Every structure is written in C-alpha cells, then in structure tokens.
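Below is one structure; the comments refer to it alone.
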C-alpha cells in the first residue's frame, strides 16, 4: 500500500540560455540629390553596360480627415530588373512607411490636425535613385454635417506560434464618435477562433498545424465605416529555440509524515497559460535536483513539478514558478 509523497515547495528557476541570432550585411551607397533624394527632373545618363536609374510615379492625396485612413503607394520600375527599396523624408508622425513597397499609410487622430509638408518618397536600385516631387498632406476635422468618422484600430499581432502552446492577440480599437464596434476576420487559421465583440484571435495550434498562415485580416466597423489592420501572417513552428534550468529540493517524507524510501523520479509540467500545462517531461532519476527544459518558445511560461514513487503514484503539484523567456 503506497502513500502519496510530499513535494518540497521550494522550486526555483535559475539561469536561462538561448540561441543568440545576429544579422549582418552591407548597404551600397546611393546616388542622391538635394536632401538625400534624387532630383526627379534630372534624367539619367547611361552608357552601354551602365546601370539605369529606376523610375517612380504617382500622385499622392494631399488631404485626409481625422479618423479616416490615408494610403498612397507609388509605382516604381527598373529597366535592369534590379531589386528596389524605398525611403521617405519628413514622414508624418501619424503614418507608417513600407520600405519594400513605398506605401505611406496611417490614420490621424484628434490632436494631429495641421499641415505636414516637404514629404519626399524615393526609390533606389542600390546604385541610383529617383524621387517623386515633394508633397504635403493636410489633416483636418471632417466638417460635413453629421459626418461619421471611421473607427480606429491598432496593434501588432505576434508573427509566430508554437505547437501545443496558446496563441492570442487582441487589437486596440476605438471610435471618435463613440459608436459601438464589431470585429471581423478574413483567412482565420483552422486552429484558431475569433471573438467578433473584442477582435480577439486565439487558439492552440497542434503539430499537424505547423506551417505559415498568411493574409489574415482583422477589421473593425461602426456600422457605416470599416478600418482594418495590415494583413499579417502567423508562422506555426514545431519547437521553440529557448531553454531554462529548473531546480528543486527533493522530498524526504510522504504526506502522512512517514519517510519517503521509494522515490523513483519526477515529472515537470509547463505551459504558457497559468494552470494549463500542455507540455511535460518525465525524469526517471531520483538522484538529480535540476533539469534543463529545452525547445521552449518566447514568452511567459509557468512550470510545476511532481515527485513519483516506484508504484507510479504522483504527488500534488509543487508551487508554480513563472519565467519570461526572450
């Protein structure tokens, strides 16, 4: 007849080790004109075998109302087929810029009214540059009687998830008019669920969900106008690349106070949702008091441990310990 073991509640997390990644590379100099941008009125002079400057065109809108979405993407080509990158000068504080596409976009909010001048968008093939004429954007209140302002939405969804760990993202949303909001989603991953009242996308991918889930689009509507986040992707990976070391004090007594003489090992449980332990590891060596848990994802994880006797009976969970890995 076996009695339940007692686990000493001293359960500590020690040092964390992780793979350090670094990016290296070089940037080639660009041919630029005034204020760092090529002069659009100066044609390039090319000789046989020389590099042809890229071409850029487009007419950006010069006004936007508070609460409305502004977006402009120039058209750019390169006769040599070179890879193109974009840059911007005097970007408005309420806007973001995509250096891969040249898109300038944003949604100004109350308090950001005014004229944003001298905006310059340039494209480069790494050797030569071309630029649009500089332009301005005026941000103003919508003075149309009873005009409805579009809702606002923001947030950066995590781009990775790990099999057997919870994933969750909730956008921030508001409406300048105080209208009630509802959310919608396109291209929802099969392993995820979506809350139309809060915009929360959540779920737990499994090993057979490993892969890329692209073009996910979360939108918010006030019933008249709709605003969306940028489309995003979630890469479900099989394993994480982080680790942490756990240590504990081995138990010496059963719950009834008798001596523990048949300790056979331990089990470690963990997960990224408090109280929900989706992963575990068995340790069949009663003589050790520390263990390195590997292949962990980034984020906040909670760990507990149990002791196991020779009959396979487990103790209750130890005190939980939390560690943030990054």
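Values quoted throughout were computed directly from the atomic coordinates according to the rules given, and no laboratory measurement underlies them. The shown structure was predicted, so the numbers you read here are calculated from the model rather than taken from an experiment. Because the Cβ atoms are built from the backbone with ideal geometry, glycine has one as well, and the counts that use them run over all protein chains shown.
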Query - Two-site label geometry, residue 289 and residue 136: point separation in nm, points 7 Å out along Cα→Cβ - result: 7.4 nm
**Report entry** Residues in segment 220-258 reached by a label modelled at residue 148 [backbone nitrogen below 20 Å; 7 Å Cα→Cβ]
**Finding:** 220-229
Report task. Work out Dmax and Rg for segment 152-237 from the C-alpha atoms and quote the Rg first, both in angstrom. Result -> 13.3, 44
Query raised in the report: Semi-axes of segment 69-140's equivalent ellipsoid from the Cα gyration tensor, sqrt of 5 times each eigenvalue, largest first, rounded to whole Å?
Result: 26, 11, 8
Report summary line: Extension length gain for residue 99 and residue 71 (0.36 nm per residue less Cα distance), in nm, is 8.7 nm
Report summary line: Given all pairs of distinct Cα atoms, segment 80-185 yields a Kirkwood Rh in Å of 17.4 Å
